[in-house]
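The values are calculated or read from the model by the stated rules, or taken from the named source; none is laboratory data. Not measured: the values here are computed from a predicted model. All Cβ positions, glycine included, derive from the backbone under ideal geometry; neighbour counts span all protein chains shown.
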Amino acid sequence: MFFRGADWIVKLKQQRYLHRCQNSVMRDYLQSEFPSLRTDYRQVEYLAVDLEMTGLNASDDHILSIGFVPVIDQRVVLNGARHIYVSSDQGVGQSAVIHGIHDKDIDQATPLAEALGLLLDALKGRVMVLHCAQLDLSFLEQACRGLYNSSLYVPVVDTMALEDQRLQRTGMARGSESLRLGDCRRRYNLPDYSAHNALIDAVSTAELFLAQTRYRFGSHPSDLRHIVSIK
């Protein structure tokens, strides 16, 4: 009964966001159906997402690229993947040494409004999967407020948080193991990929998510509520 109530609260908040939002792109997204928290997580569709930015401060820095890939029926759907460079007149600055994106890559790239619209369209009816969700969500929130005058309301799975929970359950001291994406993948014998490319990191996150849930639940059903949070 409690989680039926939780679903009702999610729906009510979704309707409140919809009522306050005047932008057609965000309204279209908010009218999509969020998965029930009581659904077996294996029956839910996900969208693994990664951003590359000029820095770590959403107030001062900006998004340079967005990568995403769907996870459907417990499979990474590569033919649904997208990698979008985001145009900016502010330049990439010193961040180019981290992600390899240069000013020439974003001069004629996709405007942020269009890129975010593509992301929201891909998110409809899906749960977003991020590694270190707090960071990427801060940039998405900043973008949504600037473009739509609205916060982003979305169900999220944070693979970093899932890994932290696993380490605590196995008795490892907090901080004794790295929670970086590549280090988390190695604990599941997943291959090393090049980092700091939004699409590659999105695929890396999707694969990590599948490995984590398989390790935790095996072939047994489990409610989505055990792994998701609502932003």
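Within the range 215-224, work out how many residues are out of contact with any helix residue (DSSP H, G or I) (no Cβ under 6 Å at 6 or more places or on another chain) and in contact (Cβ under 8 Å) with a residue 60 or more places away in the chain. Let's see the steps before the verdict.
Here is the first cut: in the range 215-224, the ones out of contact with any helix residue (DSSP H, G or I) (no Cβ under 6 Å at 6 or more places or on another chain) are 215-221, 223.
Still in the running and in contact (Cβ under 8 Å) with a residue 60 or more places away in the chain: 217, 221, 223.
Counting residues in the range 215-224 that are out of contact with any helix residue (DSSP H, G or I) (no Cβ under 6 Å at 6 or more places or on another chain) and in contact (Cβ under 8 Å) with a residue 60 or more places away in the chain gives 3.
TYR153 falls short of the stated requirement of being more than 21 Å from PRO70 (Cβ to Cβ), in contact (Cβ under 8 Å) with a residue 24 or more places away in the chain, surrounded by 15 or more Cβ atoms within 10 Å (Cβ to Cβ) and not acidic (Asp, Glu).
Could you run through the range 113-171 and say how many residues are charged (D, E, K, R) and closer than 20 Å to LYS13 by Cβ? First the steps, then the outcome.
Initially, the range 113-171 is screened for residues charged (D, E, K, R), giving 114, 121, 124, 126, 136, 141, 145, 158, 163-164, 166, 169.
In the following step, the residues that additionally are closer than 20 Å to LYS13 by Cβ were identified as 124, 126, 141, 145, 158.
Within the range 113-171, residues that are charged (D, E, K, R) and closer than 20 Å to LYS13 by Cβ number 5.
Each residue in the range 137-181 was checked for being within 16 Å of THR205 (Cβ to Cβ) and within 15 Å of the chain's Cα centre (by Cα), and 13 pass. Summed over the range 133-150, the residues that are in contact with a helix residue (DSSP H, G or I) (Cβ under 9 Å, 6 or more places away or on another chain), buried (at least 20 other Cβ atoms within 10 Å of the Cβ) and not hydrophobic (A, V, I, L, M, F, W, C) give a count of 2. When residues in the range 192-218 are screened for being outside any loop (DSSP other than H, G, I, E, B), surrounded by fewer than 24 Cβ atoms within 10 Å (Cβ to Cβ) and small (Gly, Ala, Ser), 1 of them pass. Under the condition of being assigned to a loop (DSSP other than H, G, I, E, B) and in contact (Cβ under 8 Å) with a residue 40 or more places away in the chain, the residues counted in the range 12-61 number 19. Can you spot a residue in the range 27-38 that is basic (Lys, Arg), surrounded by 14 or more Cβ atoms within 10 Å (Cβ to Cβ) and closer than 18 Å to SER204 by Cα? No, that holds for no residue. Here LEU162 meets the list (1) over 16 Å from ILE230 (Cα atoms); (2) touching a residue at least 24 places away in the same chain (Cβ under 8 Å); (3) crowded, with 16+ Cβ neighbours inside 10 Å almost entirely, failing just condition (1). Scanning the range 8-22 for residues that are buried (at least 16 other Cβ atoms within 10 Å of the Cβ) and not aliphatic (A, V, I, L, M) yields GLN14, TYR17, CYS21. If I filter the range 69-110 down to residues being among the hydroxyl-bearing types (Ser, Thr, Tyr) and in a loop (DSSP other than H, G, I, E, B), which single residue comes out as surrounded by the fewest Cβ atoms within 10 Å (Cβ to Cβ)? Checked the range 69-110; the qualifying residue surrounded by the fewest Cβ atoms within 10 Å (Cβ to Cβ) is SER87. Pairing residues of the range 103-125 that are more than 18 Å from LEU18 (Cα to Cα) and among the polar types (S, T, N, Q) with residues that are modelled with pLDDT of 95 or more and not in a helix (DSSP H, G or I), at Cβ distances under 7 Å and at least 6 apart in sequence or on separate chains, gives THR110/ILE84; THR110/TYR85; THR110/VAL86. Residues of the range 165-191 that are within 21 Å of ARG75 (Cβ to Cβ) and surrounded by fewer than 17 Cβ atoms within 10 Å (Cβ to Cβ): TYR188, ASN189, LEU190, PRO191.
Only residues that are touching a Phe, Trp or Tyr at 6+ places or on another chain (Cβ under 7 Å) and among the β-branched types (Val, Ile, Thr) were counted across the range 63-100, and they come to 2.
Can you find a residue that is touching a residue at least 24 places away in the same chain (Cβ under 8 Å), touching a Leu at 6+ places or on another chain (Cβ under 8 Å) and within 23 Å of LEU140 (Cα to Cα) anywhere in the range 184-197? Within the range 184-197, none of the residues are touching a residue at least 24 places away in the same chain (Cβ under 8 Å), touching a Leu at 6+ places or on another chain (Cβ under 8 Å) and within 23 Å of LEU140 (Cα to Cα).
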